[in-house]
1. Hey, what's the per residue convex hull volume over the C-alpha atoms of the chain, in cubic angstrom?
2. Considering amide H positions built from the backbone, and no H for Pro or chain starts, which residues 5 or more places from L117, or on another chain, come under 5 Å of its amide H?
3. What FRET efficiency comes out for the pair M143/R170, r = Cβ-Cβ distance, R0 = 35 Å, nearest 0.05?
4. So what are the ³J(HN,Hα) numbers for the range 86-102, from phi and the Karplus equation (6.51, -1.76, 1.60; θ = phi - 60°), rounded to whole Hz, Gly and Pro as x?
5. Relative to the longest principal axis of the chain, what angle (0 to 90°, nearest 10) does the C-alpha long axis of helix 2-13 take?
6. Grab the DSSP H runs of the chain that are 4 residues or longer, score each as -39,500 (n - 2.57), total them, divide by all residues and round the 222 nm result to the nearest 500 deg cm²/dmol.
7. Can you tell me the orientation of helix 169-181 relative to the chain, as the angle in degrees between its alpha-carbon axis and the longest Cα principal axis, to the nearest 10?
8. Counting pairs of Cα atoms in the range 58-127, how many percent are more than 14 Å apart?
Amino acid sequence: MDGIKQLGDWIRQAESIVFFGGAGVSTASGIPDFRSAHGIYAGPHGRTYEEMLHVDYMLRYPEPFWDFYRSVMLYPTAAPNRAHHALRALEEGGKLTAVITQNIDGLHQAAGSQNVLELHGSVHRNYCMGCGARYSLEEILPMATVPRCPVCGGSIRPDVVLYGEPLDDRITQAALSAIRTCDLLIVGGTSLVVYPAAGMIEYRRARCNMVLINRDATGYDRQAELVLHEDIGTVLEAAMAGV
């Protein structure tokens, strides 16, 4: 409870808060945390999660790629949870200046957050590799296993950063700028093992407090001013109760 009170005090005092989040933010919405000790590592046919979601695998084996992608990455009925709504409230209150997320589920936007920087893209955006036509998740769901562009017949791919692909430089620079200028950095629901995304938190300025909220310990715990190994939605709601 002392840690939650401290976080609440820092939120009240802060002028510019940035939230950096990962898969643990969405587990309460029914979306599994694939990287945690309780998550899913292996795909079908003896291949690993990373192999199945590699850009080379998508290009060489589009049908098994899409089978795997549809079965483990798409949760079209998932709804925002308490953590998403708490962050939206912080933004509406003028405290939160940016949400930087490693998630691709679009739940921050569904909750009403406006300034969301999606480091790894979004399942809600898809495009044709032939003509560049754009398609929503709702448009590709009814399509065949490997969705084809109605315009040119080309293969459609998700607008997400697959293994073997670089992050979008524009999004990366915007995220780094937000981290460099905030006075409170809240990191939640992430094991901080996916690079280069995880390394971004090292760019915070010296006078910026960092709070880590994660179920399990991370390699960055010693660098944080406050660490809370608790449910992120519970923590944020409790800390904001008096804000």
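Readers should treat all values here as calculations from the given coordinates under stated rules, not as data from a laboratory. Bear in mind the structure is a predicted one, so any value in this text is a computation, not a measurement. Cβ placement follows ideal geometry from the backbone for every residue including glycine, while neighbour counts extend to all protein chains displayed.
1. 119 Å³
2. Under 5 Å from the amide H of L117: V99, I100, T101.
3. 0.75
4. Working through the residues one at a time gives 5, 5, 4, 5, 4, 5, 4, x, x, 8, 8, 9, 7, 10, 9, 10, 8 Hz.
5. 90 degrees
6. Counting only the DSSP helices, I get -8500 deg cm²/dmol.
7. Helix 169-181 and the main axis of the chain meet at about 10 degrees.
8. Distances greater than 14 Å cover 64 percent of the Cα pairs.
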